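> I am attaching a structure below and will ask some questions about it afterwards.
What follows is calculated from the coordinates using simple rules that are stated; it is not laboratory data. Note that the structure is predicted; figures quoted are calculated from it, not measured. Don't worry about glycine lacking a Cβ; one is built from the backbone with ideal geometry, like all the others, and counts go over all protein chains shown.
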Amino acid sequence: MEELLLSRIQFAANISFHILFPTITIGLGWVLLFFKLRFNATGDDRWMAAYMFWVKIFALSFGLGVVSGITMSFQFGTNWPGFMETVGNVAGPLLAYEVLTAFFLEAAFLGIMLFGASRVPNWLHTLATFLVAFGTTVSAFWILVLNSWMHTPTGFELRDGIVHATDWWAIIFNPSMPYRLVHMLLASGLTVAFLILGISAFRRLIGDQSKGVRVTFKTGAWMAAILIPVQIYAGDLHGLNTLEHQPQKVAAMEGNWETSSHVPLLLFALPDEEKRQNDFEIGIPSAASLILKHDPAGVVPGLNDFYAEDGTALHPPVAPVFWSFRVMVGTGVLMLVMSWATVIMMRRNRGVDGLNPWLLRGLVAMTFSGWLATLAGWYTTEIGRQPWLVQGVLTTEAAVADVPAPMVATTLAAYLIVYAVLLVAYITVIFRLARKASNPEDTRPHSGAAQVALVPAE
């Protein structure tokens, strides 16, 4: 059991670090395309200046995303051999499709996107930007197909305990895939929106009055204000889908122990798995039933329904799922308030110049709020799948390797140290790039570089 716990923590650390960067590149690629298309349509230098600044952050994020993804593939063989042994006939081709259709596309055109602005025709540079953005989305599609299938597996049969594909369309378009894909793409867009908002607010606070900062700030603000209500709606649909296919996860999210009607929406609780109850609760009467069943008298499943005959729990750990879900929702509500407040203040003040400095400081503090919401959401869905690695097919315990616990602990410590250093370095570099771009001495050369990039190569 010790090896299992350490291996789970190690993989969680790896995927938590990795997901931070694709969450940025997926959305930022499309924002860069928007900047480029706006320049092509208007000829306004500020759009290209915005492009030239944010493409650096895209490149940094892309590089760290690629490198950190390798360690996860490595762990499939070292820590989780049972996964590929059992479901490799499905997981292997899906991962291969991601490499063949997405990664090669990104790798082929990334160089043109990063370094070809002044070296290739403008149309080709725009096309490269589109293909890289498209590639990141296709990559997310295949990864989420596999992840969704692990939650709601379809289109397969078991032969001697090994999964064999019988219907690839059913595998790809499994019941939860559309909801997870939309939810993740919107999460990426919101992460990028607040990253742009936070960095642009920081540049304003340190005295950057350039037009490029104004357009990026407005882009981030409107992007966040539009996407967050859509995300709330998409999250509701995703929750209803989860209730249908993984009711035990929803029960843990709600901290609901007994199947009943008029279930309250718990704002705060202290779940106790030994007693199978909450020691303390603060909730809104009937609200959980209303949200999940669209009826205050709706019946919501309880955790006590998910126990084997021998008393083994068939539901996930309650407290982590319960609290990670509330962190995700709470962060989303704060995003809604801050983005709408920013848009309202901009409209009242007719632009960015009259915004309250405290609002700008608040946006800086929320620069990486998208990361917090994304990680909390992933913890909710992945911990909520336990004790299954593939729902109803393969348990997590059955897939783990027999690796000595001290060895796993040593590599885990090494991973955590490296990831902490890289994360601090990443954030530091982003803010240094912002300071450098805001330095008056750097304004002219940066603008000039942008102007050079606008001239199509012959």
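> Among rounded, prolate and oblate, which fits the stretch 287-329 when a ≥ b ≥ c are the square roots of the eigenvalues of its C-alpha gyration tensor, a/c under 1.5 means rounded, and a/b larger than b/c means prolate?
Because a/c hits 1.5 or more and a/b fails to exceed b/c, the stretch 287-329 counts as oblate.
> Taking the mean number of other Cβ atoms within 10 Å as a proxy for protection, how do you rank 401-412, 16-27 from highest to lowest?
Going from most to least packed, we get 16-27, 401-412.
> Got a sec? Charge dipole of the chain, +1 on Cβ for Lys and Arg, -1 for Asp and Glu; which of Thr374, Gly392, Phe173 is way out at the positive end?
Final value for the positive-end residue is Thr374.
> Which percentage, to the nearest 5, of the DSSP beta bridges contained in the chain is antiparallel?
Around 100 percent antiparallel, to the nearest 5.
> Lys211: which aspartates and glutamates have alpha carbons under 19 Å from its alpha carbon, excluding same-chain residues fewer than 8 sequence positions away?
Asp44, Asp45, Asp353, Glu441, Asp442
> I'd like the distance between the alpha-carbon centres of the stretch 368-391 and the stretch 190-231, rounded to an integer number of Å.
If you average the Cα positions of each part, the centres end up 27 Å apart.
> Moving on. Would you mind putting 354-362, 339-347, 128-136 in packing order, based on average other-beta-carbon counts within 10 Å, highest first?
128-136, 339-347, 354-362
> Within the stretch 1-82, list the trypsin sites (Lys or Arg not before Pro) lying in a DSSP loop whose Cβ has at most 10 other Cβ atoms in a 10 Å radius.
Taking the stretch 1-82 and a limit of 10 other Cβ atoms within 10 Å, no loop trypsin sites (Lys or Arg not before Pro) are found.
> Would you mind pulling out the separation of the Cα centroids of the stretch 315-364 and the stretch 66-84, in Å?
The distance from the Cα centre of the stretch 315-364 to that of the stretch 66-84 comes to 35 Å.
> Dipole size in debye (nearest 20) for the stretch 203-254 around its Cα centre, Lys and Arg Cβ +1, Asp and Glu Cβ -1?
560 debye
> With +1 on the Cβ of every Lys and Arg and -1 on the Cβ of every Asp and Glu, and nothing else charged, how large is the dipole of the chain about its Cα centre, in debye rounded to the nearest 20? Provide the component values of the computation, followed by the final result.
Numbers: 27 positive and 31 negative charges, 556 e Å.
Dipole magnitude for the chain comes out near 2660 debye.
> Sorting check: for 214-225, 175-186, which peptide has the highest mean count of neighbouring beta carbons within 10 Å, and how do the rest follow?
Those peptides, ordered most packed to least, come out 214-225, 175-186.
> Could you please tell me the mean projected area of the C-alpha convex hull for the stretch 138-219, averaged over all directions and given in square nanometres to one decimal?
7.2 nm²
> Let me have the relative contact order for the chain, percent, based on Cα pairs under 8 Å that are six or more residues apart.
Relative contact order here is 21 percent.
> To the nearest 500 deg cm²/dmol, what mean residue ellipticity at 222 nm is calculated for the chain from DSSP H runs of n ≥ 4 alone, each contributing -39,500 (n - 2.57), summed and divided by the residues?
Rounded to the nearest 500, it is -24500 deg cm²/dmol.
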